[in-house]
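The values are calculated or read from the model by the stated rules, or taken from the named source; none is laboratory data. Here the structure is a predicted model, which is why all the values come from computation and not from measurement. Cβ coordinates were reconstructed from backbone atoms using ideal geometry, including for glycine residues, and neighbour counts include every protein chain displayed. Protein only, heavy atoms only, side chains kept; ligands, DNA and RNA dropped before computing areas. Shrake-Rupley method; radii C 1.70, N 1.55, O 1.52, S 1.80 Å.
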Amino acid sequence: MDSPDVIVIGGGTGGYSTALRAAALGLEVVLVERDKVGGTCLHRGCIPSKAMLHAAELVDGIAEARERWGVKATLDAVDWSALVATRDDIVARNHRGVQAHLARAGVRVLAGHARLTGPRSVRVTDLGGRTGHHGEPGVHELSARRGLVLATGSRPRTLPGLEPDGRRVVTSDDALFAPGLPASVLVLGGGAIGVEYASFHRSLGAEVTLVEAADRIVPLEDAEVGRHLARGLKKRGIDVRAGARLLDAEVLTNGMRARVRGARGETVTVETERLLVAIGRAPVTDGLDLAAAGLATDARGFVAPADWDRLETAVPGIHVVGDLLPPPSPGLAHASFAEGLLVAETLAGLPSAPVDYAAVPRVTYSSPQTAAVGLSEAEARARGYEVEANSMPLTAVAKGMVHGQGGMVKVVTEAGGRVLGVHLVGPHVSEMIAENQLVVGWDAEPSDVARHIHPHPTLSEAVGEVFLTLAGRGLHQQ
Ligand SMILES: Cc1cc2nc3c(=O)[nH]c(=O)nc-3n(C[C@H](O)[C@H](O)[C@H](O)COP(=O)(O)OP(=O)(O)OC[C@H]3O[C@@H](n4cnc5c(N)ncnc54)[C@H](O)[C@@H]3O)c2cc1C
């Protein structure tokens, strides 16, 4: 039996970051992956979806160039296979990059399905080369000397009675790998994934209906952000229906017919080529045999740590990272990197600060984008803070006018005290959230930020201006 220091099950962002850091700290690491290292984020999530969104932005730019800037440009057509080829090339290069990093770090990658056989032991069954992954084939019995890390991630959540068939009813995975763009799509779920898919389908030419059961889209974000985003999407011709529910859906020969109950109780029938179910992600533990290690999932299928500071389960030496963790872990790749670092350092015997979940940035890469960190105004009030908030439209600064896409900055503070949350919506705000993450993470007050100069003319000037106002020194706002 092989006995490495650490066995990591799952080679997504959570698993491979744990493996890389543990190996860098001198531990002998085996990483087991039954599909491809890089996991959801690289192959079916963050990267391919952002590639689609980038192409979508270019398409939108042609209309803007023509309509606002007198550029005599027209869009001939979108060549789906060329677009997909570029996207897949980016994914393939990143995949080779992750494999190379793991090899250089000395991580041994086993290709196959891992099943627990005891508190620290694992059987890896070769999948017979079916999955096109790279790693050592064969059946392996392993036992970890220091620790076992569960990083088996998540898959799209589905609705009973509306099982994806990959053609009419699709998940975010299917929609990426479909042979072409549908003429119309009903997106069920107005969270980040649903909004991003609605956004790029619309830009690339599809008729889009976006249905969200909560009273606003991106319901986890500040209410003002949700309103701005809905306005921006509607302006682009997306039929945004919040507070709405799918009643039923019928498969037709050439599409779907869905009945939706709207916010005012009205029933609307939507004929659509595809129905994209984007109602969240479900943790993956199939065939893992948690019970063999003395573990069980919680009621929703997650594996909860007993010690969140070390992300360690009730069974000593078994840790969890990534989408397999329940909230407050947010199911985001960058959070899983932080979790991987923490677990690897813990296993190496180093002191490591717990993950600060309150300061994890959240981004929706649609057009317009949203980006936020910390508490919304409503959350801050619900926690009993005396709240002071200030917001400003992005078009109040010159660069915002140049972009001409609206948007806003909102900062939520404890009255006379530290910054509790920053909320952005508009163009390029995904690139503007990092400084605000430091502001929230470092418990800064508006005056701490206000003395730092934001470059002119930029969109981030609006952030600087809101902090100046909250510090009582507003130039353009009183
Ligand atoms: C469409 C979409 C867009 C997204 N966009 C973003 C974004 O922009 N930014 C962001 O931060 N996050 C984004 N996410 C979320 C992000 O992809 C996940 O948070 C991240 O991939 C979680 O990583 P993980 O390592 O926990 O799990 P995964 O990436 O799911 O990896 C788990 C791995 O474990 C393997 N595995 C499972 N069981 C076994 C077993 N028994 N034996 C061996 N191997 C096994 C699987 O094959 C898989 O490769 C997006 C997700 C989706 C679906």
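For the range 197-208, filtering for residues that are open to solvent by 10 Å² or more (accessible area, probe 1.4 Å) and touching a Ser or Thr at 6+ places or on another chain (Cβ under 7 Å) leaves 2. Taking the range 74-87 only, how many residues are surrounded by fewer than 16 Cβ atoms within 10 Å (Cβ to Cβ) and more than 18 Å from Arg236 (Cβ to Cβ)? Selection size over the range 74-87: 9. Among the conditions (1) within 13 Å of Leu276 (Cα to Cα); (2) near the ligand (Cβ under 10 Å from one of its atoms); (3) touching a His at 6+ places or on another chain (Cβ under 7 Å), the only one that Thr125 does not satisfy is (1).
Among the residues of the range 20-55, those identified as open to solvent by less than 20 Å² (accessible area, probe 1.4 Å), of a type in the set (A, V, I, L, M) and within 11 Å of the ligand (Cβ to nearest atom) are Leu31, Val32, Val37, Leu42, Met52, Leu53.
Residues in the range 327-341 that are part of a loop (DSSP other than H, G, I, E, B) and either in contact with a Gly (Cβ under 6 Å, 6 or more places away or on another chain) or hydroxyl-bearing (Ser, Thr, Tyr) (or both): Ser329 alone. Does Ala282 satisfy the criteria of being surrounded by fewer than 21 Cβ atoms within 10 Å (Cβ to Cβ), modelled with pLDDT of 95 or more and closer than 22 Å to Asp173 by Cα? The answer is yes for Ala282. Could you list all residues from the range 438-461 that are closer than 15 Å to Ala359 by Cα and in contact with a helix residue (DSSP H, G or I) (Cβ under 6 Å, 6 or more places away or on another chain)? Scanning the range 438-461 gives Val439, Val440, Gly441. Only one of the listed residues (Gly226, Gly194) is assigned to a helix (DSSP H, G or I), open to solvent by less than 40 Å² (accessible area, probe 1.4 Å) and within 16 Å of the ligand (Cβ to nearest atom). That residue is Gly194.
Give the residue, chosen from Glu435, Glu388, Glu431, that is among the charged types (D, E, K, R) and in a strand (DSSP E or B).
Glu388
For residues that are of a type in the set (D, E, K, R) and more than 13 Å from the ligand (Cβ to nearest atom), scanning just the range 90-117, find the one that is surrounded by the most Cβ atoms within 10 Å (Cβ to Cβ).
Step one: of the range 90-117, the residues of a type in the set (D, E, K, R) are 93, 96, 104, 108, 115.
Right, trim to more than 13 Å from the ligand (Cβ to nearest atom) and you get 93, 96, 104, 108.
Values: Arg93: 9, Arg96: 12, Arg104: 10, Arg108: 20.
Looking at residues that are of a type in the set (D, E, K, R) and more than 13 Å from the ligand (Cβ to nearest atom), I get Arg108.
When the range 373-386 is examined, which residues are found to be among the hydrophobic types (A, V, I, L, M, F, W, C) and surrounded by fewer than 20 Cβ atoms within 10 Å (Cβ to Cβ)?
Pass one, the range 373-386, residues among the hydrophobic types (A, V, I, L, M, F, W, C): 373, 375, 378, 380, 382.
Within the range 373-386, Ala378, Ala382 qualify.
In the range 195-214, the residues that are of a type in the set (S, T, N, Q) form Cβ pairs under 6 Å with partners that are open to solvent by 10 Å² or more (accessible area, probe 1.4 Å), at six or more places apart or across chains, as follows: Ser199/Ser367; Ser203/Val59; Ser203/Asp60; Thr209/Asp239; Thr209/Val270. Only one entry in Ala372, Ala359, Ala338 is within 13 Å of Gly426 (Cβ to Cβ) and within 17 Å of the chain's Cα centre (by Cα), namely Ala372.
Answer yes or no as to whether Val78 is assigned to a loop (DSSP other than H, G, I, E, B), within 27 Å of the chain's Cα centre (by Cα), away from the ligand (no atom under 11 Å from the Cβ) and not aromatic (Phe, Trp, Tyr).
Numbers: assigned to a loop (DSSP other than H, G, I, E, B): yes; within 27 Å of the chain's Cα centre (by Cα): yes; away from the ligand (no atom under 11 Å from the Cβ): yes; not aromatic (Phe, Trp, Tyr): yes.
Considered against the rule, which asks whether it is assigned to a loop (DSSP other than H, G, I, E, B), within 27 Å of the chain's Cα centre (by Cα), away from the ligand (no atom under 11 Å from the Cβ) and not aromatic (Phe, Trp, Tyr), Val78 comes out as yes.
Just for the range 412-464: of the residues that are open to solvent by 20 Å² or more (accessible area, probe 1.4 Å) and of a type in the set (S, T, N, Q), which one is nearest to Ala380 (Cα to Cα)? Taking the candidates together, the pick is Gln437. Scanning the range 285-319 for residues that are over 23 Å from the mean Cα position of the chain (by Cα), open to solvent by less than 40 Å² (accessible area, probe 1.4 Å) and within 12 Å of the ligand (Cβ to nearest atom) yields Leu288, Leu290.
Could you tell me which of the residues Val355, Val373 is of a type in the set (Val, Ile, Thr), outside any loop (DSSP other than H, G, I, E, B), at pLDDT 95 or above and within 16 Å of the ligand (Cβ to nearest atom)?
Numbers: Val355 fails: outside any loop (DSSP other than H, G, I, E, B).
Being of a type in the set (Val, Ile, Thr), outside any loop (DSSP other than H, G, I, E, B), at pLDDT 95 or above and within 16 Å of the ligand (Cβ to nearest atom) holds for just one of Val355, Val373, which is Val373.
Quick check, is Gly166 in contact with a Leu (Cβ under 6 Å, 6 or more places away or on another chain), assigned to a loop (DSSP other than H, G, I, E, B) and among the small types (Gly, Ala, Ser)?
Values: in contact with a Leu (Cβ under 6 Å, 6 or more places away or on another chain): no; assigned to a loop (DSSP other than H, G, I, E, B): yes; among the small types (Gly, Ala, Ser): yes.
So Gly166 fails the test.
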